[in-house]
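Comments concern the structure below.
The values are calculated or read from the model by the stated rules, or taken from the named source; none is laboratory data. What you see is a predicted model, and the numbers here were worked out from it, not measured in a lab. FYI the Cβ positions are ideal-geometry reconstructions off the backbone, even for glycines, and counts take in every protein chain you see.
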Amino acid sequence: MMPLIAGLTLLLAVTFAQIKDTTGNPVRVALVKMPYVGERNVPELSGGPDYLEQGGLRQLLEDQGVQASLSPPVALSADEDKACGSWNRLALANGDLAKIVADERRNGHFTVGLLANCSSILGAFRPYREAPARGYGLR
C-alpha cells in the first residue's frame, strides 16, 4: 500500500508542478464523474467517482493553487437508458463523456476524469483523437 501512495504522490507532484499557465493565471481543471461500468453481473453504476470527489481531490487541487470545478456528471437521457445491454449503455455514456470533455476543453479547462474503470478512457480521449480532423489540434 505504501508504494502505491508514494507513486500517486509523486504523480501528483510532477503533474501539478506547474500550477500557472503561460499567462500567469492558475491552471483551470474540470473534474468529470463517469459512473458507468459496462460489465455484467455487477452494478451498472459505480460509486468510485463519487468516492474520489468526496475524498477531497478538489480541495487538494485548490490547495495547490489550481482552479478546480466540478462538471455535471455523465448521465444517460431517458431514451438512452432504455437501450439494451450494459455495454451499449456504456458506449452511449462514453459518447456523453466525450461531449463533456470537448466542452471543457473549449472552455480552457484541463479535464480530470473520475472514471468507474478503464472502459471510459475511450470517451475521455475521443475529443483529442478527433481534434486535428476538426481543426483544433493540440499544439
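Quick look at the numbers
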read-out: Of residues in the stretch 68-90 being among the hydrophobic types (A, V, I, L, M, F, W, C) and in contact with a Gly (Cβ under 7 Å, 6 or more places away or on another chain), the one modelled with the highest pLDDT; value: L90
read-out: Failed item, numbered, when P43 is tested on (1) touching a residue at least 12 places away in the same chain (Cβ under 8 Å); (2) in a loop (DSSP other than H, G, I, E, B); (3) loosely packed, with under 14 Cβ neighbours inside 10 Å; value: (1)
read-out: Residue among A124, A98, A93 that alone is of a type in the set (A, V, I, L, M, F, W, C), in a helix (DSSP H, G or I) and at pLDDT below 90; value: A124
read-out: Scan of the stretch 46-104 for residues that are exposed (fewer than 15 other Cβ atoms within 10 Å of the Cβ), among the basic types (K, R) and closer than 24 Å to Y128 by Cα, ordered by number; value: K99
read-out: Residues of the stretch 69-90 that turn out to be in a loop (DSSP other than H, G, I, E, B) and in contact (Cβ under 8 Å) with a residue 12 or more places away in the chain, as a count; value: 6
read-out: Candidates G56, G65, G47, G38 - the one that is modelled with pLDDT of 90 or more and farther than 11 Å from G113 by Cα; value: G47
read-out: Enumeration of residues in the stretch 77-117 that are out of contact with any strand residue (DSSP E or B) (no Cβ under 7 Å at 6 or more places or on another chain) and within 11 Å of M34 (Cβ to Cβ); value: N94, D96, A98, N117
